[in-house]
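Visitor: Quick one: structure below, then a few questions.
Every read-out reported here was derived from the displayed coordinates using simple, explicitly stated rules and does not represent laboratory data. Please read these numbers as outputs of a predicted model, since none were measured by experiment. Because the Cβ atoms are built from the backbone with ideal geometry, glycine has one as well, and the counts that use them run over all protein chains shown.
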Amino acid sequence: MQGTDPGVRATCGTVSAPPPPAPLRLVPLPVDARDRRRGEILRAIGTQHAIAFQRVKKAIGSAAFGPGMVDDHVELRDLLASLPSLEEAMERCQHVLAIREAEAIRKNTCQYFGGGMWRRQNYEKALTLELADVDGSRATSPAPPRARVDVINEFFDDLEHKERVQ
């Protein structure tokens with residue numbers, strides 16, 4: 001085949017093969033309504049946890065790494081698989097998330113606000129708490145210590161009162 005220039009032959013260029021496709025990750029499809037519900041809860045709570053983690057990091061000035069929006073949330077997935085009923089699972093998970101977020105801000109640490117908060121024991125403990133238990137609005141410690149002099153005076157006042165009564 002002749003090109004526009006006499007004496008120069010036009011040649012076809014070689015075409016390289018397209019790059020191989022990225023490996024696909026197989027995810028089992030939901031089998032029944034329970035699996036579908038578990039998937040819904042996992043996506044909703046996983047996303048809420050990732051957002052809350054970023055909110056806590058910003059509030060306390062932390063540089064910790066925590067759950068992300070596209071993580072697989074293994075601990076949460078395992079928890080949901082172990083629950084006998086998913087009827088109130090969404091509300092319970094939201095309660096635990098709120099408790100742990102308030103606790104993280106109050107204690108000024110993300111240490112217990114990562115994926116481990118979804119381990120069954122940690123999850124069940126958080127279910128027993130209320131926001132007032134962790135945000136500082138309810139007194140969780142005994143009264144502040146009193147001065148020794150006050151304690152001694154009170155003791156002798158009580159002793160005198162008992163002696164008068166007898």
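Visitor: Under 21 Å between alpha carbons, and skipping anything fewer than 8 positions from LYS125 in its own chain: which lysines qualify?
Guide: Leaving aside lysines fewer than 8 places away in the same chain, those within reach of LYS125 are LYS107.
Visitor: The stretch 52-140: which GluC sites (Glu not before Pro) are DSSP loop and have at most 13 other beta-carbon atoms within 10 angstrom?
Guide: Details: sites: GLU75, GLU87, GLU88, GLU91, GLU101, GLU103, GLU124, GLU130; in loops: GLU87, GLU88, GLU130.
Within the stretch 52-140, the qualifying GluC sites (Glu not before Pro) (loop, at most 13 other Cβ atoms within 10 Å) are GLU87, GLU88, GLU130.
Visitor: Could you compute the FRET efficiency for GLU91 and PHE155, with r as their C-beta to C-beta distance and R0 at 45 Å, rounded to 0.05?
Guide: 0.35
Visitor: Sum up the charges of everything whose Cβ sits under 12 Å from the Cβ of LEU127, counting Lys and Arg as +1 and Asp and Glu as -1, but leave LEU127 out. Please report the intermediate quantities before stating the final value.
Guide: Details: positive: ARG92, ARG100, ARG120, LYS125; negative: GLU88, GLU91, GLU124, GLU130, ASP133.
Counting the neighbours of LEU127, the net charge comes to -1.
Visitor: Can you tell me how much longer the chain between ASP78 and ASN108 gets when fully stretched, taken as 0.36 nm per residue apart minus their C-alpha distance, in nm with one decimal?
Guide: Residue separation times 0.36 nm, minus the Cα-Cα distance, leaves 8.0 nm.
Visitor: Tell me the trypsin sites (Lys or Arg not before Pro) within the stretch 45-148 that lie in a loop according to DSSP and have at most 11 other beta-carbon atoms within 10 Å.
Guide: ARG138, ARG146
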